[in-house]
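K.L.:
First the structure, then my questions, so here it is.
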Amino acid sequence: MHKQSHVYPREKLSERYWLNCFSIAAVRHPFDRFISGYFYHVLGPYMGGLVKAYGPMVKDLDPFQYLALIEHENGYIPAQTNWTHFPSVTKPRVDLLLRVEEADKWMEQFKNAGLDMTGRRMHHENQSDHATDTRRERLNLSVAEFSRLRDEVFESYKNDYEIFGYDK
């Protein structure tokens, strides 16, 4: 049985273990991640944590209200540095950082890191539609509103944009 966990390394691992293991994490463009979360938590059939905490009204939130809610509820789409960084002076960051939008390069990155992936495949499942017009229409936002949403998500996740080198 596969069990999914969203526990941060600093909560699960001792510093000694962290220093002695080879760590890998994948990050995603913060805006794409936000949009995916909105589609999943609000527009999708998922009835998990936010609905349990706030009731069915979560399913009626617009993207701006959702952003305000998850900013208040820090655990739903937290900074990605929670998974990539560890409170260690010796090794403050994972050994290999992958970007989801570069999944087609992961095998090469594994090889460059000295990891033998012979005979293994990496599947990129549940790929998001990155077409701005499609997402904007699905969100029912004007061009100006969509631009404002990008700006607000940028401000909310500015640290992730900067640390992982993502363009606004």
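K.L.:
Any residue in region 74-93 that is under 21 Å from LEU13 (Cα atoms), in contact with a helix residue (DSSP H, G or I) (Cβ under 6 Å, 6 or more places away or on another chain) and of a type in the set (A, V, I, L, M, F, W, C)?
P.N.:
Looking for residues that are under 21 Å from LEU13 (Cα atoms), in contact with a helix residue (DSSP H, G or I) (Cβ under 6 Å, 6 or more places away or on another chain) and of a type in the set (A, V, I, L, M, F, W, C), one finds at least one in region 74-93, hence yes.
K.L.:
GLN109 versus (1) under 17 Å from the mean Cα position of the chain (by Cα); (2) surrounded by 15 or more Cβ atoms within 10 Å (Cβ to Cβ): which is the lone unmet condition?
P.N.:
The single condition GLN109 does not satisfy is (1).
K.L.:
Counting only residues that are among the aliphatic types (A, V, I, L, M) and open to solvent by 10 Å² or more (accessible area, probe 1.4 Å), which one in region 59-76 is nearest to ARG150 (Cα to Cα)? Write out each step before concluding.
P.N.:
So the first thing to find is which residues in region 59-76 are among the aliphatic types (A, V, I, L, M), and the list is 61, 67-70.
Those still in the list that are open to solvent by 10 Å² or more (accessible area, probe 1.4 Å) too: 61, 68-69.
On the way: LEU61: 17, ALA68: 14, LEU69: 16 Å.
Among those that are among the aliphatic types (A, V, I, L, M) and open to solvent by 10 Å² or more (accessible area, probe 1.4 Å), it is ALA68.
K.L.:
Could you please find all residues in region 30-58 being touching a residue at least 40 places away in the same chain (Cβ under 8 Å) and open to solvent by 30 Å² or more (accessible area, probe 1.4 Å)? Steps first, answer last, please.
P.N.:
Within region 30-58, the first condition is being touching a residue at least 40 places away in the same chain (Cβ under 8 Å), and the residues that meet it are 30-39, 43.
Selection gives ARG33, SER36, PHE39, LEU43.
K.L.:
Under 8 Å between Cβ atoms, which residue pairs at least 6 apart in sequence (or on different chains) link something in region 60-74 that is under 20 Å from ARG135 (Cα atoms) with a partner that is among the acidic types (Asp, Glu)?
P.N.:
Listed pairs, sorted by first residue: PHE64/GLU152; LEU67/GLU152.
K.L.:
Then there's this: Scan region 117-135 and tell me whether some residue there is open to solvent by less than 70 Å² (accessible area, probe 1.4 Å), at pLDDT 75 or above and within 20 Å of GLY37 (Cα to Cα).
P.N.:
Our first condition is that a residue be open to solvent by less than 70 Å² (accessible area, probe 1.4 Å); within region 117-135, this holds for 117, 128, 131-132, 134-135.
Going one step further and asking which of them are at pLDDT 75 or above, we end up with 117, 134-135.
Next, only the ones that are within 20 Å of GLY37 (Cα to Cα) stay: 134-135.
Yes: region 117-135 contains one or more residues that are open to solvent by less than 70 Å² (accessible area, probe 1.4 Å), at pLDDT 75 or above and within 20 Å of GLY37 (Cα to Cα).
K.L.:
Considering region 77-93 alone, what residues qualify as being open to solvent by less than 30 Å² (accessible area, probe 1.4 Å), touching a Phe, Trp or Tyr at 6+ places or on another chain (Cβ under 8 Å) and within 30 Å of GLU137 (Cβ to Cβ)?
P.N.:
Within region 77-93, ILE77, GLN80 qualify.
K.L.:
Would you be able to tell me the number of residues in region 138-168 that are assigned to a helix (DSSP H, G or I), within 16 Å of VAL100 (Cβ to Cβ) and acidic (Asp, Glu)?
P.N.:
Residues that pass the stated criteria total 1.
The values are calculated or read from the model by the stated rules, or taken from the named source; none is laboratory data. Here the structure is a predicted model, which is why all the values come from computation and not from measurement. Positions of Cβ are backbone-derived with ideal geometry, glycine not excepted, and every protein chain shown enters the neighbour counts. Side chains included, ligands, DNA and RNA excluded: accessible areas come from the protein's heavy atoms. Shrake-Rupley method; radii C 1.70, N 1.55, O 1.52, S 1.80 Å.
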